[in-house]
2 protein chains.
Amino acid sequence: MAARIEDVAADAGVSVKTVSRVLNGYTNVRVKLRERIEKSIRDLNYVPNASARSLAGRRSFLVALLYDNPTAVSSYIMDVIVGVLEACKETPYNAVLHPFDAADDLAARIDGFVAHHRPDALVLVPPHANNAKLLQRLDELDIRYATISSRLRESSIDIGFDERKAAEDIVAHLLSLGHQRIGHVTGLKGHGARAWRRTGYRDALRKAGVAYDASLVVEGDFTFESGLAAARVLLDLDHPPTAIFAANDDMACGVMREAYERGLVVPDDLSVCGFDGTPVSQLISPGLTTVRQPCREMGCAAVQSVLQAIRDPSLHHQERLPYQLKIRGSSAAPGTS
Amino acid sequence: MAARIEDVAADAGVSVKTVSRVLNGYTNVRVKLRERIEKSIRDLNYVPNASARSLAGRRSFLVALLYDNPTAVSSYIMDVIVGVLEACKETPYNAVLHPFDAADDLAARIDGFVAHHRPDALVLVPPHANNAKLLQRLDELDIRYATISSRLRESSIDIGFDERKAAEDIVAHLLSLGHQRIGHVTGLKGHGARAWRRTGYRDALRKAGVAYDASLVVEGDFTFESGLAAARVLLDLDHPPTAIFAANDDMACGVMREAYERGLVVPDDLSVCGFDGTPVSQLISPGLTTVRQPCREMGCAAVQSVLQAIRDPSLHHQERLPYQLKIRGSSAAPGTS
DNA sequence: CTGAAAGCGCTAACAG
DNA sequence: CTGTTAGCGCTTTCAG
């Protein structure tokens, strides 16, 4: 049988409670005792039993990551997960993943979820991160949570990056190449990403003194298919754009597909930019100019902050992480054709 | 405070033990009693406390998914995860993810891992699924595990699909289009996927009466870059192939990139096929002809089998799931150029 | 700064 | 088929 806390206590010649104090990082233990206990722990190869800790301490050591089902298959969430796991690695916490259909009323189901899994903390990505009723209910239940890229002010812990500025940068890049007619495929309603990226697009045009043309902005929903459809609309215009900025990489791929179908060469006949920096942006040919979103870093930071908030419930934390513009082969100066 | 098992027992007028029996699915409870207890559970909104169950029952209700770090960012594992979560959904089990560097000697670290997390069962994907020492140690520790696509016979529960046949199918497809010189970029050593897919390639050639030419087979390691490098070698041959079958989609993208750099048009000048059916295969233009690997289904089946094995340790289960050939725009009859 | 003892909520012998 | 009772291994009052 594995060593238990009382074995450690006996070995170190102290009480069980003192060992527990060391285990939980309390500071009121004499250095000498602490060292003796730590040695016993090593000697006996002692590992605390998580179930017993949970039961006695009324905490699960679980951080739940809530995301929605369409997101489930995107590399965005995969990257966030990598960051979340990384952050948990050096803590006693485990991450558990919970995809929820965005269509479901999560605010109504959250009570049952919490009753079942009893997570100590939650990390929410859009669109759940934008569900005001959900956040309110979590506050009522007194459960700590961190949001990623939430557009709500209600979230006292939110991690993101300057999406508006990133979008502005990428459109400014197109403008600097000489493009004047730049199309934009928007993201899905309800996501902050939609508004921020569109605003960045408009800001870049304004700063360059290029008039905004509403016919160049087409609705998308973050899917490849919507990018394809939007490109059809844009390329069918009497005066089509020479460049298209899609609000994410999948839609940019849709745009590239439509260009391909029409025999248009990217970037000679049409420049295309995406957003997110998903794997496909590197794999596709030509490489897709995009913004690398710091997903991994955001997942990591979200967990770190929310674990801190468990100790200090008053914690308020807004963090904006750096992003990277990735200039690749899909953008170039407009052709003469 | 939430209802506890004794509240349910009191409400139903039975002993705690009987409630426990119902909770754990024992059959030796009279139907009438069972129904009464189930009603009380509903009425009181009772949810068992997982920590207490774990502690008393000496099980964690955790299924750990072990994968390696390069795999971590691939959509392969993302899909497996989706399946694993799906399978856990309707059970009291939670999935926990654990990326391990493939370079690490997992067999040596598994004891510590098990001591810490005490998973009731494990699911292993390649390359860990092929680590004989690891599996042996798990057997010694008496921990149930399921492998996915393991090439070892030692694994008593393994889920996969007929990779050799799938590769044969895809090469047969190229042959049927009229290709005679078909290049192959292999997978990474140590993965069954490498050997199976290469064997399928050779089998297809043999059945079609096409001589095997070793110069058409180039080493790859499943990365985009290795596909790029392999394509360089193949396209530099005096008598280059008219089609290339890469052992996964990322490498196929590398091949397409090299073709793009050389001004070769896919599929007119070169047909390209991948393997896996990752998202990029649909997003890229032209669409990539590939085999959709049933990742989600494998993850799901692996969990189901391994949970069954907890109840019946003698369970022996080998399952081969159906795959799908996806013919897309990247493959066509060889051009006349 | 340290210790003794009382549970956390459930499962599992064991007895009926 | 059902109930009684003793823990599972840890945290945490409450004293000292």
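Annotations for the structure displayed:
- Scope segment B:260-274; condition crowded, with 22+ Cβ neighbours inside 10 Å and either modelled with pLDDT under 95 or among the aliphatic types (A, V, I, L, M) (or both); matching residues: B:Val266, B:Leu270, B:Val272
- Of everything listed in (1) within 16 Å of DNA strand C (Cβ to nearest atom); (2) in contact (Cβ under 8 Å) with a residue 40 or more places away in the chain, the single unmet condition for A:His116 is (2).
- A:Asn28 vs. criteria more than 30 Å from B:Gly57 (Cβ to Cβ), more than 8 Å from DNA strand D (Cβ to nearest atom) and within 11 Å of chain B (Cβ to nearest Cβ): no
- Test: residue in segment B:51-70 that is touching a helix residue (DSSP H, G or I) at 6+ places or on another chain (Cβ under 8 Å), more than 22 Å from A:Asp120 (Cβ to Cβ) and surrounded by fewer than 18 Cβ atoms within 10 Å (Cβ to Cβ): no
Let's see how each residue does on (1) assigned by TED's automatic domain parsing to the domain that holds B:Ala103; (2) surrounded by fewer than 22 Cβ atoms within 10 Å (Cβ to Cβ):
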site: B:Gln136; (1), (2): yes, yes
site: B:Ser156; (1), (2): yes, yes
site: B:Asp169; (1), (2): no, yes
site: B:Arg181; (1), (2): no, yes
site: B:Val185; (1), (2): no, no
site: B:Ala195; (1), (2): no, yes
site: B:Lys207; (1), (2): no, yes
site: B:Glu219; (1), (2): no, yes
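- Residue among A:Leu33, A:Leu97 that alone is of a type in the set (A, V, I, L, M, F, W, C) and assigned by TED's automatic domain parsing to the domain that holds A:His128: A:Leu97
- Among (1) of a type outside the set (Asp, Glu); (2) out of contact with any Ser or Thr (no Cβ under 7 Å at 6 or more places or on another chain); (3) under 23 Å from A:Leu325 (Cβ atoms) - the single one A:Val123 does not satisfy: (3)
- Segment A:208-225, residues that are within 14 Å of A:Ile244 (Cβ to Cβ) and either among the charged types (D, E, K, R) or assigned to a loop (DSSP other than H, G, I, E, B) (or both): A:Asp213, A:Glu219, A:Gly220
- Counted residues, segment A:183-207 - those being of a type in the set (Ser, Thr, Tyr) and in a loop (DSSP other than H, G, I, E, B): 1
- Within segment A:34-60, residues that are over 9 Å from B:Ser51 (Cβ atoms) and in contact (Cβ under 8 Å) with a residue 12 or more places away in the chain have Cβ atoms under 6 Å from residues that are more than 15 Å from DNA strand C (Cβ to nearest atom) and small (Gly, Ala, Ser) in these pairs: A:Leu44/A:Ala3; A:Tyr46/A:Ala3; A:Val47/B:Ala115, counting only partners at least 6 apart in sequence or on another chain.
- Matching residues in segment B:1-16 - criterion: being under 17 Å from B:Arg53 (Cβ atoms) and either more than 9 Å from DNA strand D (Cβ to nearest atom) or modelled with pLDDT under 85 (or both): B:Ala2, B:Ala3, B:Arg4, B:Ile5, B:Asp7, B:Val8
- Evaluating A:Ala3 against the criteria (1) near DNA strand C (Cβ under 9 Å from one of its atoms); (2) within 14 Å of another protein chain (Cβ to nearest Cβ) leaves one unmet condition, (1).
- Complete set of residues in segment A:38-64 that are away from DNA strand C (no atom under 16 Å from the Cβ) and among the small types (Gly, Ala, Ser): A:Ala64
- Any hit, segment B:102-120, residues being touching a helix residue (DSSP H, G or I) at 6+ places or on another chain (Cβ under 7 Å), modelled with pLDDT of 90 or more and within 22 Å of B:Phe224 (Cα to Cα): no
- Within segment A:259-337, strands (runs of 3 or more DSSP E) holding 1 or more residues that are closer than 15 Å to A:Ile170 by Cα and without any contact (Cβ under 8 Å) to a residue 40 or more places away in the chain: A:290-292
- Only listed residue being free of Cβ contacts under 8 Å to residues at least 24 places away in the same chain, within 36 Å of the chain's Cα centre (by Cα) and more than 8 Å from DNA strand C (Cβ to nearest atom), chosen from B:Gly13, B:Gly25: B:Gly25
- Matching option when the condition is of a type in the set (S, T, N, Q) and either near DNA strand C (Cβ under 8 Å from one of its atoms) or away from chain A (no Cβ under 14 Å) (or both), among B:Ser20, B:Ser74: B:Ser20
- Within segment A:101-118, restricting attention to residues that are part of a helix (DSSP H, G or I) and of a type in the set (A, V, I, L, M), the residue that is farthest from the other protein chains (Cβ to nearest Cβ) is A:Ala107.
- Applying the criterion of being closer than 26 Å to B:Arg311 by Cβ and more than 38 Å from the chain's Cα centre (by Cα) to the residues of segment B:31-47, the residue that is farthest from DNA strand D (Cβ to nearest atom) is B:Glu35.
- Residue match in segment A:229-249 (condition: within 14 Å of chain B (Cβ to nearest Cβ) and in a helix (DSSP H, G or I)): yes
- Number of the exception - A:Val171 against (1) assigned to a helix (DSSP H, G or I); (2) farther than 15 Å from A:Val291 by Cβ; (3) of a type in the set (Val, Ile, Thr): (2)
The values are calculated or read from the model by the stated rules, or taken from the named source; none is laboratory data. Here the structure is a predicted model, which means the values were calculated and not measured. Cβ atoms come from the backbone with ideal geometry, glycine included; neighbour counts cover every protein chain shown.
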